[in-house]
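The values are calculated or read from the model by the stated rules, or taken from the named source; none is laboratory data. A quick note: this is a predicted structure, and the numbers were derived from the prediction, not measured. Cβ atoms come from the backbone with ideal geometry, glycine included; neighbour counts cover every protein chain shown. When the accessible area is computed, the model is the full protein with side chains, heavy atoms only, and any ligands, DNA or RNA have been set aside. Shrake-Rupley method; radii C 1.70, N 1.55, O 1.52, S 1.80 Å.
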Amino acid sequence: MAKEVVDREICHCKHVNYSDVDAALHNMNHFDNVVTAFDEVQKQTQCSTGCGKCHDAIMDTISEIMMG
């Protein structure tokens with residue numbers, strides 16, 4: 001059974017949702033490094049450029065998506 005993902009807002013300052021992070025990752029040619037992936041997601045979505053409180057949540061989301 002596929003895991004159901006609730007599209008929740010992760011970055012409140014920039015209104016970035018789980019689906020935005022997922023789309024940004026899938027726009028990349030490949031992703032195998034969480035830090036590099038974070039940099040690219042941040043460029044595409046502007047997440048974690050406001051207060052920065054969502055940094056860990058964004059990193060966790062990227063890891064979760066990368067793990068499948």
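The table below gives the values:
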| quantity | calculated |
| --- | --- |
| Rounded accessible area per residue of the range 1-52, 1.4 Å, Å² | 68 |
| Disulfide-incompatible cysteines by the Cβ rule (no partner under 4.7 Å) in the chain | CYS13, CYS51 |
| Against the rule of thumb 2.2 N^0.38 Å, how large the Cα Rg of the chain comes out | 1.02 |
| Charged-residue dipole, Cβ positions (Lys, Arg, Asp, Glu), the chain about Cα centre, Debye nearest 20 | 180 |
| Simple spin-label estimate for MET59 and ARG8 in nanometres, 7 Å along Cα-Cβ | 1.8 |
| Per DSSP, loop GluC sites (Glu not before Pro) in the range 1-59 with at most 16 further Cβ within 10 Å | GLU4 |
| Extreme residue, positive dipole direction of the range 22-68, given options THR45, HIS30, ILE58 (C-beta unit charges) | THR45 |
| Relative contact order computed over the chain (Cα-Cα under 8 Å; 6+ residues apart), in percent | 35 |
| Computed [θ] at 222 nm, helices only, for the chain once each DSSP H run of length n ≥ 4 contributes -39500 (n - 2.57) | -15500 deg cm²/dmol |
| Accessible-area composition of the chain, carbon plus sulfur, in percent [1.4 Å probe] | 49 |
